[in-house]
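*Asks:* Sharing a structure, written as structure tokens. Questions coming.
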Amino acid sequence: MKERALLFSLALVFPSLQAQETYPPMHRLTWQEYEGTLVHWRKTFPQFASLESRGRSGQNMPVYLLTITDKSVPDTDKQICLVTTLHSGPERTGTTGAMAFAEWLLGDDPLAVETRQKQIVLIMPVVNPLAMFHTDRFRNEKGIDPYTGLGPLGKIWDIKSLSLNRPQDAPELVAVLSVIDDFRPEVHADLHGTGLQEYLPEQLGSRQMYHGQIMTEITGGAYSNYALRPWDWRVIEAMVAAGREAGFPSDRFEADAQRTFWGPELAPLGKKLWHGSPLFYSAHYGYAKYHTMVITQEVAWEQSLVARMKGLLRIGNGVWLEENRAGYPVDRMKHFVGHYVTSTGNHAAERRASRTELWSKQAAFSAGFLYPQTVGRESFVVATTAAAKKAVAVNDLPALKQNLRRLLGGAAEDIARFLDAGPEIKLAMESPPQILQEAKVEDDVLIERGIGFRLRLPYANVGDLDVRLNGRALVKDAPDGYQTWTAEGWTQIQVHVPPGSSEATGLYFITCDYQPGETRPTGWMPPTAVREQCATDQADATPATFTDVPYGSHFRQTMDVWLSESDPPRPVVFYLHGGGWAAQDKTDIHQHLDVRGLLDAGLSVASINYRFLIDAGAANVTPPLQWPLQDAARALQFLRSKASGWNLDKRRVAACGVSAGGCASLWLAMHADMAEPAGDDPVAKESTRVLFSATMAPQTSLDPGQLMEWIPNSEYGGHAFGYPGATRPEAFAPFLAHRDDHLADFQRYSPLSQASADDPPAFLFYPRQDKPPVKGEPQTDPTHSAVLGLMLQERLESLGVSCVVRYPGDGLPGESSLQQTLIQSLTSAKP
């Protein structure tokens, strides 16, 4: 047994001879070679390369920083690019990729020469030396993963304070953070790759990768964390294009997978979503503190990494798409609907200082613009003090003008003239007036490094520009004025407020008058022939006689009513929408019924909104189901109370609904009359009985015991009785377990429990039944199965009440549509 175990272990470590010949072992970089290479570069290229240790990893191993830049060129206007390998160790190609990149950057390639002149490139090829050269595991000797910040006791990060809880346990991470704090880079590229991370300890053997060991390369982000990527997808595409030009393709995450991002409301879609999550990883530190653009890459081939990094460096060397100067796109500090607070400065170092200050303070700013936006006019308002915020905390323009006169004095008159000349109705601020009114003086922001503002006019060519700040006309191209250029189809307007020129009031009210270079029509209508033929769609072609008629005090307690034009009192279709008592709206009647056809047949129609389960839950109503059911009864009584004025026949009312609305309709039809003839409320005196019910895919019972007996994979109803769950099965399981606690509730609210010999006829339609319904068999859609109809049919027919259940392929003769049943049954009934 021991010999066989040994042979098995050897088989794990040593591949077959044939495999070794095809995929021979790769050289394993040693510490001596790594350190020796860095020292060699420093000595060989003293005019470009600097080397320093930024800390000590496990076993007293230095964490090196290699700085590459042309030292003959002043650093003042250079961009800063940081390259790290937070998963160095088992992910070895991240490190070897960094080394290949450094080697290229020290060479004679024209792009490398240009980059050394225009950027400072900081490279940390091995962040975790112990992992790289000894353990081949992600974590350091204290069990900390520098990449994610996870340790034996959970995250080492205190995200709110952007600090490490136990920095002494993560010297590698401390080293990286010290570089970020000292340099405040524009961009941080963290490199990952393939290696021995998935090898079991007994599979490590000589700890050599093999030639041909690769992985799917990705550019810009991480599979596990979609927040770890540049905010501008065009940066990623520039890098992908550079890699592709060199022969190396990149996977594009959710785009190639054709998945959408995860979010709380999308959770029920489960495995239909992109599997990554928005998480805080260590590389986010620079973004969170300095607005550094974060990039992550997976490396299979070192030369692929070099090619993709070339794509990135070209961005830092050149002029970005919407800008008028060279550098990475990292200067927008706050945004509000296409308006931006930006850093400012005459060179990169000044802009970096401005960016650092504004990024730390922008959360205290409140931004807005005049609404609606209007051709020929643009505005941007930013308040940084309590006085400024209170001045713009208004709901109308007259009050705004009054406040501005108090704050700005005579300068406010120019703003008032701009306001008077336009059609805007209000100043739309990102924070509501009541929040702005609560601003405190101690939270005022003092801006020391200057501030900029970016407006974009949606025309490539404009004329007669008049740009003003707090009523003062700005001079084009002046240090405290504005610049303008065309980029990406916009006319870009950049306003500069240099250090020492910030507004004492803390209010920056920018207005811009302009003449667009072209005239564009707005608004569209269908062709005349189409309008005459259809009016628009079915709903618009059949406008309700009365819309949003309230029958209660809650905003959902409304109905739309269509009145037939016939003289005698008309029969009524009383419609309740579906959606699990948690969604949809009364307008969904047009998805299931032809309202115009009903009116033409002489029927009046009412479609009802009702309170949702969540509304009942918020009011601590138990079970929450009672609210939508009670609303159905109250709405029916209200409708009957209007019978005289609306020419309705109280006696010929059919309850109709789909899914949960069908369940509520059956509950009304089965329930004893809930009228209170002796009460004082005239609405409550009206009857809740109906002539018959006609429903589509209704739930006929809410008793989980009955449901499981008839449909063993039942999953519906728990939410209606207050059981939480992201999915129906999740809410159904505890509901079933606590069934006995709700026996009295079932008697009150389950349609089947209300059945009696005096009930009206019931017509049930199940259009999505995909096989013959059989009691005791699982159903494809257990919530809307025709087996539910058979359950009610069995009960009603035993009481002598007519109950018709229809579904595709049922073999029964005659019409099986909801529409025709309503028309035939209501029109044939005697008044």
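*Asks:* Which pairs, out of Lys71/Lys289; Lys155/Lys271; Lys401/Lys426; Lys78/Lys310; Lys271/Lys586, put more than 21 Å between their alpha-carbon atoms?
*Replies:* Lys71/Lys289; Lys155/Lys271; Lys271/Lys586
*Asks:* Can you tell me the length gained on complete extension of the stretch Trp524 to Val39, counting 0.36 nm per residue apart and subtracting the Cα distance?
*Replies:* Length gained between Trp524 and Val39: 167.7 nm.
*Asks:* If you don't mind, there's one more thing I want to ask. Excluding ligands and nucleic acids, what accessible area in Å² is computed for Leu436 using a 1.4 Å probe, to the nearest 10?
*Replies:* 10 Å²
*Asks:* Quick check: the distance between the Cα centres of region 625-694 and region 117-162, to the nearest angstrom?
*Replies:* Between the Cα centre of region 625-694 and that of region 117-162, the gap is 67 Å.
*Asks:* Also, I was wondering about something else. Can you give the net charge of the other residues whose Cβ lies under 12 Å from the Cβ of Ile214, counting K and R as +1 and D and E as -1?
*Replies:* Here the charged neighbours net out to -3.
*Asks:* Name the residues whose placed amide hydrogens come within less than 5 Å of the amide hydrogen of Gly220, ignoring near sequence neighbours (fewer than 5 apart) on the same chain.
*Replies:* Thr296, Gln297, Glu298
*Asks:* If you take every residue apart from Gln769 with its C-beta less than 15 Å away from the C-beta of Gln769, what net charge results, scoring Lys and Arg +1 and Asp and Glu -1?
*Replies:* In short, 0.
*Asks:* Which one is right for this structure if Rg/Rh (Cα atoms, Kirkwood Rh) is calculated from it: (i) 1.08; (ii) 0.98; (iii) 1.04?
*Replies:* (i)
*Asks:* Just how much of Ile315 is accessible, in Å², when a 1.4 Å probe is used and the result is rounded to the nearest 10?
*Replies:* Ile315 has an accessible surface of roughly 10 Å² with all protein chains in place.
*Asks:* What's the angle, to the nearest 10 degrees (0 to 90), between helix 728-737's Cα axis and the longest principal axis of the chain?
*Replies:* The two axes meet at around 60 degrees.
*Asks:* Would you give the gap between the C-alpha center of region 73-89 and the C-alpha center of region 216-251, rounded to a whole Å?
*Replies:* 19 Å
*Asks:* Evaluate the relative contact order of region 232-321 (contact order divided by residue number), counting alpha-carbon pairs under 8 angstrom at least 6 apart; express in whole percent.
*Replies:* 41 percent
*Asks:* If one takes the longest principal axis of the Cα atoms in the chain, at what angle in degrees, from 0 to 90 and to the nearest 10, does the Cα axis of helix 2-13 lie?
*Replies:* 80 degrees
*Asks:* Defining a contact as two alpha carbons under 8 Å apart and six or more residues distant in sequence, what relative contact order in percent does the chain show?
*Replies:* RCO, the chain: 7 percent.
*Asks:* Now for a separate question. Among the aspartates and glutamates, select those whose C-alpha is under 13 Å from the C-alpha of Lys476, and discard any that sit fewer than 8 residues away in the same chain.
*Replies:* Cross-link targets: Asp464, Asp466.
*Asks:* Of the accessible area of region 407-478, with the probe set at 1.4 angstrom, what percent is carbon plus sulfur?
*Replies:* Ligands and nucleic acids excluded, carbon and sulfur give 48 percent.
*Asks:* If we count every other residue with Cβ under 15 angstrom of Phe732's Cβ, Lys/Arg +1 and Asp/Glu -1, where does the sum land?
*Replies:* Net local charge, Phe732 excluded: -4.
*Asks:* Shifting gears a bit: What is region 773-813's relative contact order, in percent, from Cα pairs under 8 angstrom and six or more apart in sequence?
*Replies:* Value for region 773-813: 29 percent.
*Asks:* Which value, in Å² rounded to 10, gives the accessible area of Asp251 with a 1.4 Å probe and all protein chains present?
*Replies:* 40 Å²
*Asks:* Additional query: Under a 1.4 Å probe, what is the accessible area of region 275-359 per residue, stated in Å²?
*Replies:* It amounts to 30 Å² per residue over region 275-359.
*Asks:* Using 0.36 nm per residue, how much length does the chain from Ala504 to Gln437 gain when fully extended, once their Cα-Cα distance is taken away?
*Replies:* Here the segment from Ala504 to Gln437 would lengthen by 22.2 nm.
*Asks:* Would region 181-297 count as rounded, prolate or oblate if I go by the C-alpha gyration tensor, calling it rounded below 1.5 in a/c and otherwise prolate when a/b exceeds b/c, oblate otherwise?
*Replies:* Here region 181-297 falls in the rounded category.
*Asks:* If the chain between Asp680 and Ser553 were fully stretched, how many nm would it gain, using 0.36 nm times the residue separation less the Cα-Cα distance?
*Replies:* Residue separation times 0.36 nm, minus the Cα-Cα distance, leaves 43.9 nm.
*Asks:* When a/c reaches 1.5 or more, the comparison of a/b and b/c decides; with that in mind, is region 697-777 rounded, prolate or oblate per its Cα gyration tensor?
*Replies:* Oblate is the answer for region 697-777, as a/c is 1.5 or above yet b/c matches or exceeds a/b.
*Asks:* I need the shape label for region 119-212. Rule: rounded when a/c is under 1.5, else prolate if a/b > b/c, else oblate, with a, b, c from the alpha carbon gyration tensor.
*Replies:* oblate
*Asks:* Further question on the same structure: Angle, helix 302-317 long axis vs. longest principal axis of the chain, Cα atoms, 0 to 90°, nearest 10?
*Replies:* 90 degrees
*Asks:* Continuing with this model, one more query. Per-residue ellipticity at 222 nm for the chain, helices alone: DSSP H runs ≥ 4 residues times -39500 (n - 2.57), over residue total, nearest 500 deg cm²/dmol?
*Replies:* Estimated from H runs of four or more residues: -9000 deg cm²/dmol.
*Asks:* Post the alpha-carbon centroid distance, region 814-830 to region 37-68, in whole angstrom.
*Replies:* Between the Cα centre of region 814-830 and that of region 37-68, the gap is 86 Å.
*Asks:* If you take every DSSP beta bridge whose two residues both sit in the chain, what share of them, in percent to the nearest 5, is antiparallel?
*Replies:* In the chain, approximately 60 percent of DSSP beta bridges are antiparallel ones.
*Asks:* Within region 783-804, find all residues whose amide N lies under 19 Å from a label point positioned 7 Å from the Cα of Gln820 along Cα-to-beta-carbon.
*Replies:* So the set is 803-804.
The values are calculated or read from the model by the stated rules, or taken from the named source; none is laboratory data. Keep in mind that what you see is a predicted model, and the values were worked out from it rather than measured. A quick note on method: Cβ atoms are made from the backbone with ideal geometry, for glycine too, and the neighbour counts reach across all protein chains shown. Heavy atoms of the whole protein, side chains included, go into the accessibility calculation; ligands, DNA and RNA do not. Shrake-Rupley method; radii C 1.70, N 1.55, O 1.52, S 1.80 Å.
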